[in-house]
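**Student:** Handing you this structure, nothing more for now.
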Amino acid sequence: PALRWAASELPHYLLARRASRRAAALREALPDALDLMRACLAAGLPLRRSLSLVADHCAEPVAAEFACVAAETAFGIPQSTALDGLAARNPEPEVRALVSAIRQAERNGSPLAPVIAAQANDARLAHNRAIIERGARAGPKIQLVVSATLGPGALLGLGAIVVAAIAR
């Protein structure tokens, strides 16, 4: 029964782990992609061309996602549907905020570049905050490893001194 349970749960665990790594890679690459997208939009390029250029010069998985949205809109799929697909494939709050900003700018006719710049800054701050939190959690783990390895080593050295003193 335990082996059967492990065999049934292993694919779910591996898939969740892979999704977690992909989400972390997306959050890491997103600030730079948003900065590049802001520059493209500020230069007057349309959204589809901006997404395509960002996809060409950006890290994965952001490149694949932006290329997918650009390709879908190039093939005639409505932009709102392509953006819905982007948000559905990537449930991270940063991506949802990007999709929401694009929709709002499209609906109100407001410039998108300043909003994208603010989102890039927010994404970068969130990424830095996550790094600091990960570092704070690493301290106790490192302390445990150090105490588990140095403690017995010191006791072994002290024991050797005691044994040598008794042997004399």
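**Student:** How about segment 59-101: which of its residues are part of a loop (DSSP other than H, G, I, E, B) and small (Gly, Ala, Ser)? Can you show your working first?
**Tutor:** In the first step, residues of segment 59-101 are kept if they are part of a loop (DSSP other than H, G, I, E, B); the result is 59-61, 75-78, 90-92.
Ala59, Gly76 - these are the residues of segment 59-101 that are part of a loop (DSSP other than H, G, I, E, B) and small (Gly, Ala, Ser).
**Student:** Among the residues of segment 108-120, is there at least one that is without any contact (Cβ under 8 Å) to a residue 60 or more places away in the chain, exposed (fewer than 10 other Cβ atoms within 10 Å of the Cβ) and not hydroxyl-bearing (Ser, Thr, Tyr)?
**Tutor:** So far as segment 108-120 goes, yes, one or more of its residues are without any contact (Cβ under 8 Å) to a residue 60 or more places away in the chain, exposed (fewer than 10 other Cβ atoms within 10 Å of the Cβ) and not hydroxyl-bearing (Ser, Thr, Tyr).
**Student:** Inside segment 22-37, can you point out the residues that are out of contact with any Asp or Glu (no Cβ under 8 Å at 6 or more places or on another chain) and either at pLDDT 95 or above or open to solvent by less than 80 Å² (accessible area, probe 1.4 Å) (or both)?
**Tutor:** Within segment 22-37, the first condition is being out of contact with any Asp or Glu (no Cβ under 8 Å at 6 or more places or on another chain), and the residues that meet it are 22, 24, 28, 31-37.
If the condition is that a residue be out of contact with any Asp or Glu (no Cβ under 8 Å at 6 or more places or on another chain) and either at pLDDT 95 or above or open to solvent by less than 80 Å² (accessible area, probe 1.4 Å) (or both), then Ala24, Pro31, Ala33, Leu34, Asp35, Leu36, Met37 are the ones that fit.
**Student:** How about segment 42-58: which of its residues are assigned to a helix (DSSP H, G or I) and open to solvent by 80 Å² or more (accessible area, probe 1.4 Å)?
**Tutor:** As a first pass, look at segment 42-58 and keep what is assigned to a helix (DSSP H, G or I): 42, 47-56.
Across segment 42-58, the qualifying residues are Arg48, Arg49, Asp56.
**Student:** Looking for something modelled with pLDDT of 85 or more, of a type in the set (Asp, Glu) and surrounded by 11 or more Cβ atoms within 10 Å (Cβ to Cβ) - is there at least one such residue anywhere in segment 127-142?
**Tutor:** The answer is no; no qualifying residue exists.
The values are calculated or read from the model by the stated rules, or taken from the named source; none is laboratory data. Model, not experiment: these values are computed from the prediction. Quick reminder, even Gly has a Cβ in these numbers, built from the backbone with ideal geometry, and neighbours come from all protein chains shown. What goes into the accessible areas is simple: the full protein's heavy atoms, side chains included, and nothing from ligands, DNA or RNA. Shrake-Rupley method; radii C 1.70, N 1.55, O 1.52, S 1.80 Å.
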